[in-house]
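Written out below as structure tokens is the structure these notes cover.
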Amino acid sequence: MRWISKPLLAGAMLLTGTGFASASMMATTATDLTVYSGPGADYPSVGIATRGSAAALDGCLEGESWCRIDVNGMRGWVYAKELTVDYDGAPVIVQERRADLGIPVVSYEQATVVNGPASPAPGDELIGKVDSTGAIVPPPEVRTYIDGAPVDAVTYDGDIVVGATLPGDVVMTQVPNYQYSYVRINDRPMLVDPQSRRIVYVYE
């Protein structure tokens, strides 16, 4: 799936099967997690779901690790490794046993908005609006903290772009009182979502 960060986009989620009510299954959040308005950490956050929350699992993107859920009054997207479902009497991680669990497949398409701000598709009222750029704007205090708390740079040959996922061996540093962590890759600081390990902002 190609990550899109062009301006003036709105999400329209299309379900396979007979719709949300009949396709959903029950899941549990495996950790405190961020619920996003679209399938990616570069989408705005809808809110935080605490560990152990019951969620109605709508389905997951085919070939991707993002799933659509209803949890604690929020409707949005989370990473599949952050959800568990009971299977043969024991909880299993959705990401690891997706085929065995028979998770429904959903799709997410981008629709261009000609005039006005991007907004959720009809029926998605519980999803937070996507802003006009789809990108975060970190406050100046975050850069001040990063410059004042330097970490060793990591050499990495992969893509260093918003939406790219960092490998599990890249160590992230928590920014106090902020939802994103930071790393310094090839001597460039960047912000990373600690749940999905996706890059959400790259400093110049």
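The values are calculated or read from the model by the stated rules, or taken from the named source; none is laboratory data. All values reported here derive from a predicted model rather than from experimental measurement. Neighbour counts are summed over all protein chains in view; Cβ atoms, including those assigned to glycine, are modelled from backbone coordinates with ideal geometry. The area values use the complete protein model at the heavy-atom level, side chains included, leaving out ligands, DNA and RNA. Shrake-Rupley method; radii C 1.70, N 1.55, O 1.52, S 1.80 Å.
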Q.
Sort 171-181, 76-86 by the packing proxy (mean of other Cβ within 10 Å over each peptide's residues), most packed first.
A. 76-86, 171-181
Q | Within the accessible area of segment 53-113 (1.4 Å probe), percent carbon and sulfur | A | 45
Q. In Å, the Kirkwood hydrodynamic radius of segment 131-204 over pairs of distinct alpha carbons?
A. 12.5
